[in-house]
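Trainee: Handing you a structure now.
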Amino acid sequence: MLYKEVVENIYKELKNFRGEGKVADYIPALSKVNPDSYAISVCDLEGGEFSIGDSTTKFSIQSISKVFSLAMAISHFEEKIWERVGREPSGTAFNSLIQLEQERGIPRNPFINAGALVVTDMITQVFPKPKQAILNFVREISSQDDIYYDKEVAQSELEHSHRNIALANFMKSFGNIKNDVDTIIDIYCNQCSISMNTAELARSFLFLANGGVNPLSGRRVTGHRSAKRMNALLLTCGLYNESGDFAYRVGLPGKSGVGGGVVAIIPGKLSIAVWSPELNQNGNSYRGIATLEKFTTDIGISVF
Ligand code: GLU
């Protein structure tokens with residue numbers, strides 16, 4: 001594969017990297033992870049795949065799951081999604097409550113927690129068994145049956161979900177959550193607890209690099225236009241209040257999660273997933289971002 005040597009060099013160079021960062025512990029079960037874990041996987045549209053490091057170890061994908069739920073919702077609701085959630089960067093933390101009152105319960109975008117809760121609510125309106133539907137969807141797009149919820153992580157998040165419960169209740173007071181708040185929080189915490197490794201994550205994002213079609217199965221996941229729009233949202237909102245800096249340093253649509261994963265795509269070419277659990281103050285992987293920055297610099301390709 002074309003990028004193998006580049007990735008091997010980056011891995012060697014950053015293997016002993018120590019950020020100032022810290023593993024997420026506001027969800028206690030996440031703090032058990034080995035902070036030194038490091039993995040990189042790249043998949044291209046020709047079927048090439050290359051992984052290095054702890055790429056077979058599954059970890060909690062957390063907010064990366066918001067991309068999967070958005071893809072499911074977009075396929076059903078299309079333009080109607082934007083009646084209930086915005087598409088502007090928030091400039092605030094992933095779990096912030098601050099804009100919701102001023103903006104009357106309409107979250108800024110689908111990738112902050114408030115927006116993702118609305119998307120989960122939408123999925124719950126159309127799928128009779130939403131938890132199973134989410135798992136099926138992720139298994140399908142990653143071409144991997146061996147993907148499950150991590151019950152311990154889901155339970156731990158449920159027990160520490162005070163902010164997310166506050167967000168959901170607040171939006172319900174504006175009529176923007178249709179289901180029961182407890183139901184939505186349960187589905188959301190499970191969705192965030194999905195365990196995957198970097199190879200599976202890189203594969204699962206390939207449809208976004210390929211105009212909405214999963215190149216592994218040949219099946220269409222979203223329309224071409226929806227894939228383009230999701231990529232625009234990933235570029236502008238995928239890393240919370242660090243999205244501008246990520247666009248500046250990396251120059252790709254991407255999504256992070258507090259489990260330490262970051263996935264990015266180069267449209268028409270490839271997807272790349274990195275895992276390194278130490279997070280910066282914005283809740284994004286220190287070494288994950290450094291890896292992606294080096295990757296686009298070294299290969300000389302980004303969306304710009
Ligand atoms: N489950 C996490 C939460 O709601 C997701 C946050 C993230 O990965 O950024 O707090």
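Trainee: Using the alpha-carbon atoms, what tilt in degrees (0 to 90, nearest 10) does helix 113-126 show relative to the longest principal axis of the chain?
Mentor: 70
Trainee: Place a +1 charge on the Cβ of each Lys and Arg in the range 57-202 and a -1 charge on the Cβ of each Asp and Glu, then give the dipole magnitude about the Cα centre in debye, rounded to the nearest 20.
Mentor: 240
Trainee: Using DSSP to define loop residues, name the trypsin sites (Lys or Arg not before Pro) in the range 134-229 whose beta-carbon has at most 16 other beta-carbon atoms within 10 Å.
Mentor: In loop regions of the range 134-229 (DSSP not H, G, I, E or B), the sparsely surrounded trypsin sites (Lys or Arg not before Pro) are 178, 219.
Trainee: Measure nothing but the geometry: give the 0 to 90° angle between the long axis through the Cα atoms of 181-193 and the longest principal axis through the Cα atoms of the chain, rounded to 10°.
Mentor: Long axis of 181-193 versus the principal axis of the chain: about 10 degrees.
Trainee: With charges set only on the Cβ (+1 for Lys and Arg, -1 for Asp and Glu), what does the dipole of the chain come to about its Cα centre, in debye to the nearest 20? If you can, show how the numbers build up before the last one.
Mentor: Details: 31 positive and 33 negative charges, 120 e Å.
Dipole size: approximately 580 debye.
Trainee: Then there is this: Using a Gaussian network model of the chain with C-alpha springs under 10 Å, which one of 126, 221, 67 is most mobile by mean-square fluctuation?
Mentor: 126
Trainee: Can you give the FRET efficiency for residue 36 and residue 5, using 1/(1 + (r/R0)^6), R0 = 22 Å, r = Cβ-Cβ distance, to the nearest 0.05?
Mentor: Working: r = 24 Å, r/R0 = 1.08.
Between residue 36 and residue 5 the formula returns 0.40.
Trainee: Still on this structure: With angles folded into 0 to 90 degrees, how steeply does helix 162-173 sit against the dominant principal axis of the chain? Use alpha carbons for both and round to 10.
Mentor: It is inclined by approximately 50 degrees.
Read-outs: derived from the displayed coordinates by stated rules, not from any lab. Owing to the predicted nature of the structure, the values given are computational and were not obtained by experimental measurement. Positions of Cβ are backbone-derived with ideal geometry, glycine not excepted, and every protein chain shown enters the neighbour counts.
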